[in-house]
Amino acid sequence: MSGEKSFFHKSGSKAESTSEEISAYLGKETVFEGKMTFEGVFRLDGKFEGEIFESGTLIIGETAVVKGKISVNTLIIDGLVEGEVSTKGRTEIHAKGKFYGSLMTPVLLINEGGIFDGKCKMDKTLDKEDEAHLPSQREPPLEA
């Protein structure tokens, strides 16, 4: 083995599930402009300008330059991303990752060395368990 850690390897697991395998890939010599949708895990190492939408995981490799609008479940940044990003799950900016723009995500992880320059709104959708711990919304608000 090369000594690299897989982002998706589960300790003690012998086989990775198909949902964790890369299902689409654009190499570092690739230049793409337009709209892209995908399912599963998509790794991008080339240049992309446009819109990327889907419910999977997008991995921005170290050589990647992405400019545009992104809306995915999970975003992992090792390269450069500029634009408007929305994730439903989490956003990770690794040590060599750079993000410039606006971000909406429930979970943000920035590793030492990672760059975030922009604005971030951390908003999460409440599930039933979270709602049970909140005060009742049925009472009318108090007036000042």
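A short reminder: the numbers here are calculations on the coordinates, not readings from a lab. Because the structure is predicted, anything quoted here is derived from the model rather than measured. So basically every Cβ, Gly included, is an ideal-geometry build from the backbone, and we count neighbours across all protein chains shown.
Worth a mention:
- Here's the picture: a label point sits 7 Å out from the Cα of Ile115 along the beta-carbon direction, and within region 73-99 the residues with their amide nitrogen under 12 Å of it are 79-82, 96-99.
- Ranked by the mean number of other Cβ atoms within 10 Å of their residues, highest first, the peptides 112-119, 97-104 come out as 97-104, 112-119.
- R0 of 22 Å, Cβ-Cβ distance Ser23-Thr63: FRET efficiency to nearest 0.05: 0.65
- Ranking Gly34, Ile60, Ser23 by Cα position along the charge dipole of region 18-132, where only Lys, Arg, Asp and Glu carry charges on their C-beta atoms, puts Gly34 farthest toward the positive end.
- Estimated inter-spin distance, Leu108 and Glu84, nm [label 7 Å along Cα→Cβ]: 1.7
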